[in-house]
Amino acid sequence: MRKQVIAGNWKMNGTIASGSILIEAFTSFLGDKDLDCEIVVCPPFTALERAVCLTKNTQVSVGAQNMDYHDAGAFTGEVSPLMLMEVGVSYVIIGHSERREYYGETDAMVNEKIKSAFFHNLQPIVCVGESLEQREANETISFIHGQLKRALQDIPADQVEKLIIAYEPIWAIGTGKTATADQAEKVCKSIREYIAELYTPNVADLVRIQYGGSVKANNAREILSEPNIDGALVGGASLIVDEFTKIIMAAQELSN
Ligand code: PEP
């Protein structure tokens, strides 16, 4: 059985102080509950080191929201996988639609970043998803398969099976418009089938596929119950203790 993974993407929000309060609230809520799902928080770069310290010996792991794929060099403003490793980060979000839309991140860059993340033993969470125009033009599946094909180029099966793919329809991110559980499941299932086609059914069976896009406490259970959805990438609601902990508990109850 695939382990559910609930990841909180804080985006460019909060300070080291406010982030610490959030993490302390999550970790004290989780206490010594025996969790069957993975919990990840992805604060801004400046708060990563503190987040790693505060989550030591807890069930919460820390991820970055982005990284460069080079180890070091003349790349002003970027942060390398080695730097993330140095502060103790273990996950990294790659190819979030906001990175693609505002910072010109391409599938080729996503591909390099996945390779680099695996090389450095960071767990990549790779985002894919269609725009509203693409959905309305019935291009959702072909667009996402194209994104995956380019993102996974030359990545071997033994890495792909460890991947976390986040299906995040752009029209549902931060808009309060969630895809229905049925819409989300259809796309996640098609992603799994496509991985089986590109690799093997066994690889497809192992890869974890999250849904992201306005996941909240009140819709998490329905979405997470779908057979091809193995967790959620949560933006806004991951900044609210009561919301995020309820999403975690929904995943936990479904994992039992
Ligand atoms: C996200 O940032 O990946 C996201 C899904 O945001 P939200 O939950 O706020 O829609």
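Every condition in (1) free of Cβ contacts under 8 Å to residues at least 40 places away in the same chain; (2) within 11 Å of the ligand (Cβ to nearest atom); (3) open to solvent by 50 Å² or more (accessible area, probe 1.4 Å) holds for Leu239 except the one numbered (1).
The lone criterion from (1) free of Cβ contacts under 8 Å to residues at least 12 places away in the same chain; (2) touching a strand residue (DSSP E or B) at 6+ places or on another chain (Cβ under 9 Å) left unmet by Tyr103 is number (2). Listed residues Met1, Met67; which is assigned to a loop (DSSP other than H, G, I, E, B), more than 14 Å from the ligand (Cβ to nearest atom), surrounded by 14 or more Cβ atoms within 10 Å (Cβ to Cβ) and of a type in the set (A, V, I, L, M)? When all the criteria are applied, what remains is Met67.
Which one of these does Ala47 not meet: (1) within 23 Å of Leu163 (Cα to Cα); (2) crowded, with 17+ Cβ neighbours inside 10 Å? Status for Ala47: all satisfied but (1).
Among residues of the range 32-44 being touching a residue at least 24 places away in the same chain (Cβ under 8 Å) and among the charged types (D, E, K, R), the one that is surrounded by the most Cβ atoms within 10 Å (Cβ to Cβ) is Glu38. Against the criterion of being more than 15 Å from the ligand (Cβ to nearest atom), assigned to a loop (DSSP other than H, G, I, E, B) and either in contact with a strand residue (DSSP E or B) (Cβ under 9 Å, 6 or more places away or on another chain) or at pLDDT 95 or above (or both), Ala72 qualifies.
With the condition kept exactly as written, say whether any residue in the range 194-210 is under 30 Å from Pro156 (Cα atoms), within 15 Å of the ligand (Cβ to nearest atom) and touching a strand residue (DSSP E or B) at 6+ places or on another chain (Cβ under 8 Å).
yes
The set of residues in the range 151-180 being in a helix (DSSP H, G or I) and either surrounded by 13 or more Cβ atoms within 10 Å (Cβ to Cβ) or near the ligand (Cβ under 8 Å from one of its atoms) (or both) consists of Ala151, Ala157, Gln159, Val160, Ile170, Trp171, Ala172. Is it the case that Gly146 is open to solvent by 10 Å² or more (accessible area, probe 1.4 Å), within 16 Å of the ligand (Cβ to nearest atom) and not hydrophobic (A, V, I, L, M, F, W, C)? Spelling it out, it is not the case that Gly146 is open to solvent by 10 Å² or more (accessible area, probe 1.4 Å), within 16 Å of the ligand (Cβ to nearest atom) and not hydrophobic (A, V, I, L, M, F, W, C).
Taking first residues from the range 116-130 that are farther than 22 Å from Glu98 by Cα and partners that are open to solvent by 10 Å² or more (accessible area, probe 1.4 Å), the Cβ contacts under 7 Å between residues at least 6 apart in sequence or on separate chains come to Phe118/Gln159; His120/Leu82; His120/Met85. Before we move on, is Phe26 among the aromatic types (Phe, Trp, Tyr), within 16 Å of the chain's Cα centre (by Cα) and either open to solvent by less than 20 Å² (accessible area, probe 1.4 Å) or on the phi < 0 side of the Ramachandran plot (or both)? Spelling it out, it is not the case that Phe26 is among the aromatic types (Phe, Trp, Tyr), within 16 Å of the chain's Cα centre (by Cα) and either open to solvent by less than 20 Å² (accessible area, probe 1.4 Å) or on the phi < 0 side of the Ramachandran plot (or both).
Annotation: of all residues in the range 110-143 being in a loop (DSSP other than H, G, I, E, B) and open to solvent by less than 10 Å² (accessible area, probe 1.4 Å), the one that is nearest to Tyr69 (Cα to Cα) is Leu122.
For the range 90-109, which residues satisfy the criterion of being under 30 Å from Gln59 (Cβ atoms) and either within 15 Å of the ligand (Cβ to nearest atom) or assigned to a strand (DSSP E or B) (or both)? Tyr91, Val92, Ile93, Ile94, Gly95, His96, Ser97, Glu98, Arg99 - these are the residues of the range 90-109 that are under 30 Å from Gln59 (Cβ atoms) and either within 15 Å of the ligand (Cβ to nearest atom) or assigned to a strand (DSSP E or B) (or both). Any residue at all in the range 220-236 that's within 11 Å of the ligand (Cβ to nearest atom), open to solvent by 20 Å² or more (accessible area, probe 1.4 Å) and over 17 Å from the mean Cα position of the chain (by Cα)? No, the range 220-236 contains no residue that is within 11 Å of the ligand (Cβ to nearest atom), open to solvent by 20 Å² or more (accessible area, probe 1.4 Å) and over 17 Å from the mean Cα position of the chain (by Cα).
The values are calculated or read from the model by the stated rules, or taken from the named source; none is laboratory data. All values reported here derive from a predicted model rather than from experimental measurement. All Cβ positions, even for glycine, are placed from backbone atoms using ideal geometry, and neighbour counts span all protein chains on display. Accessible surface areas use protein heavy atoms only, side chains included; no ligands, DNA or RNA. Shrake-Rupley method; radii C 1.70, N 1.55, O 1.52, S 1.80 Å.
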